[in-house]
Amino acid sequence: MSQFDVKNLSADELKKLVNDAERALRERSKQRVMELRREAEALANELNTSVADIFGLEKGSKQAGKKLPAKYMNPANPSQTWSGRGKRPNWLVDELNQGKKLEDFRI
């Protein structure tokens with residue numbers, strides 16, 4: 001880091017220096033937040049979920065709690081269904097990892 005003597009700067013030069021430093025600090029902070037966001041999204045993706053699900057950021061809607069009709073069914077156990085919203089159930093994730101397609105399970 002370069003070091004210089006601020007004692008010899010005028011008031012205007014000091015104000016400009018402070019403004020430039022604050023702007024640089026805000027920019028670095030934004031960059032770090034974006035890096036952390038990308039990391040969090042990647043980790044959530046590995047867990048087949050979303051950042052909002054992990055931190056409980058989803059706000060309840062007017063339809064919260066309303067049961068949606070099933071769109072997908074486990075052929076090995078027809079009682080296991082999924083509406084297509086929210087986190088994918090483990091049985092579906094396992095099947096997809098084995099190379100099957102989501103459409104194979106559509107009701």
If I filter the stretch 32-52 for residues that are modelled with pLDDT under 95, touching a strand residue (DSSP E or B) at 6+ places or on another chain (Cβ under 9 Å) and β-branched (Val, Ile, Thr), do I get at least one hit? no
Residue 28 more than 22 Å from the chain's Cα centre (by Cα) and in a helix (DSSP H, G or I): no
Determine whether the stretch 71-86 contains at least one residue that is of a type in the set (D, E, K, R) and in contact with a helix residue (DSSP H, G or I) (Cβ under 7 Å, 6 or more places away or on another chain). no
With the requirement that a residue be touching a Pro at 6+ places or on another chain (Cβ under 9 Å) and in a helix (DSSP H, G or I), what does the stretch 97-107 give you? 104, 105
State yes or no: is residue 48 outside the structural domain of residue 100 (by TED's automatic domain parsing), touching a residue at least 40 places away in the same chain (Cβ under 8 Å) and of a type outside the set (Val, Ile, Thr)? yes
Could you count how many residues in the stretch 68-96 are surrounded by 14 or more Cβ atoms within 10 Å (Cβ to Cβ), part of a strand (DSSP E or B) and either out of contact with any Ser or Thr (no Cβ under 8 Å at 6 or more places or on another chain) or of a type outside the set (Phe, Trp, Tyr) (or both)? 5
Counted residues, the stretch 1-24 - those being surrounded by 10 or more Cβ atoms within 10 Å (Cβ to Cβ) and not in a helix (DSSP H, G or I): 1
Going by the structure shown, is residue 37 touching a residue at least 12 places away in the same chain (Cβ under 8 Å), out of contact with any Cys (no Cβ under 9 Å at 6 or more places or on another chain) and either of a type in the set (S, T, N, Q) or in a loop (DSSP other than H, G, I, E, B) (or both)? no
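The values are calculated or read from the model by the stated rules, or taken from the named source; none is laboratory data. No experiment lies behind these values; they were computed from the predicted model shown. Glycine gets a Cβ as well: all are built from the backbone with ideal geometry, and neighbour counts include every protein chain shown.
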